[in-house]
Amino acid sequence: SEQPIVVRRVSLHDTNVGLVIANAGAQDPLSGHIVVEECIVLGNSSEPGGSTLLAILRRCEDIVIRPNILAPGEAGLGMQTAEEAQIARCQIEHNTWHDVQTWINWVGPMRQPLSIELHNNLIVDPQGIVAAARELATTASENAVFFNNVLVNSRSASESFAPLAIEMPDFPLLSQDANHSDYLKPDFPRLKASSSKLDPIPGRYSAGDPP
């Protein structure tokens, strides 16, 4: 089988455009078999006109995005399709977004069944999500598009994220300081002592950390 292109442990700071996976157009070769993992993308602002932290555009297939930190930005995740240029077999899991104006921004048609999965992600201090992205939850799909995503300290009505994510305002984090080594890492002892039944624990953390 084809070996994937792996982008690992890349750090981008004060960027207006973060990580982009794209192909030029519907008639061009697809972008595929790509893994992006353990990267840190720090944008320049969550205000209008600020950063897009992660973008997946047009005909992209067999994409894995795991576990990365993306903050702050106007758009946490931008996805764009065309009628003959769909995103397929895309797994976005165990990532953490912080201080984003819009968690997910979707532009373009949704071809059924979808094969996009956003599972076990942590979204801290988001402000909203566009209506088109919410439609992902109700469009026919091969597997659940959204599963076990957790919303922390939302500055907007939590209902706007349901059923994409569940609200846990008291989800414990070790640090929300981007300069700290434990930035956005879950506080496992406090989670264990709480009544939380999350399985697995969402967000980015090291393989050697408690499950």
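The values are calculated or read from the model by the stated rules, or taken from the named source; none is laboratory data. As the structure is a computational prediction, the values presented were derived from the model and not from experiment. Positions of Cβ are generated from backbone atoms using ideal geometry, with glycine treated the same way; all protein chains shown enter the neighbour counts. The accessibility values were calculated without ligands, DNA or RNA, using every heavy atom of the protein model including side chains. Shrake-Rupley method; radii C 1.70, N 1.55, O 1.52, S 1.80 Å.
Numbers below:
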| quantity | calculated |
| --- | --- |
| Complete set of residues in the stretch 109-127 that are closer than 21 Å to residue 73 by Cα and open to solvent by 10 Å² or more (accessible area, probe 1.4 Å) | 119, 120, 125, 127 |
| Residues of the stretch 151-172 classified as outside any loop (DSSP other than H, G, I, E, B) and open to solvent by less than 20 Å² (accessible area, probe 1.4 Å), total | 3 |
| Filtered residue count, the stretch 68-87, keeping only those that are crowded, with 21+ Cβ neighbours inside 10 Å and under 24 Å from residue 10 (Cα atoms) | 13 |
| Matching residues in the stretch 100-140 - criterion: being part of a strand (DSSP E or B) and over 14 Å from the mean Cα position of the chain (by Cα) | 107, 114 |
| Members of the stretch 8-31 found to be of a type outside the set (Val, Ile, Thr) and assigned to a strand (DSSP E or B), listed by number | 8, 11, 12, 13, 14, 18, 19, 22, 31 |
| Complete set of residues in the stretch 88-99 that are assigned to a strand (DSSP E or B) and either touching a residue at least 60 places away in the same chain (Cβ under 8 Å) or open to solvent by 10 Å² or more (accessible area, probe 1.4 Å) (or both) | 88, 89, 91, 93, 96, 98, 99 |
| Test: residue in the stretch 134-148 that is of a type in the set (Phe, Trp, Tyr), open to solvent by 20 Å² or more (accessible area, probe 1.4 Å) and closer than 26 Å to residue 185 by Cβ | yes |
| Test: residue in the stretch 32-42 that is open to solvent by 40 Å² or more (accessible area, probe 1.4 Å) and assigned to a strand (DSSP E or B) | yes |
| Test: residue in the stretch 37-55 that is within 24 Å of residue 112 (Cβ to Cβ) and touching a His at 6+ places or on another chain (Cβ under 6 Å) | no |
| Pairs, first within 13 Å of residue 102 (Cβ to Cβ) and crowded, with 23+ Cβ neighbours inside 10 Å in the stretch 47-58, second β-branched (Val, Ile, Thr) and at pLDDT below 95, C-beta under 6 Å, six or more apart | 52/17 |
| Unmet criterion (only one of (1) open to solvent by 30 Å² or more (accessible area, probe 1.4 Å); (2) touching a residue at least 24 places away in the same chain (Cβ under 8 Å); (3) over 22 Å from residue 20 (Cα atoms)) for residue 182 | (2) |
| Residue 175, sole failed condition from (1) small (Gly, Ala, Ser); (2) open to solvent by 50 Å² or more (accessible area, probe 1.4 Å); (3) closer than 21 Å to residue 200 by Cα | (2) |
| Answer from 111, 204 - the residue that is of a type in the set (Lys, Arg) and under 21 Å from residue 57 (Cβ atoms) | 111 |
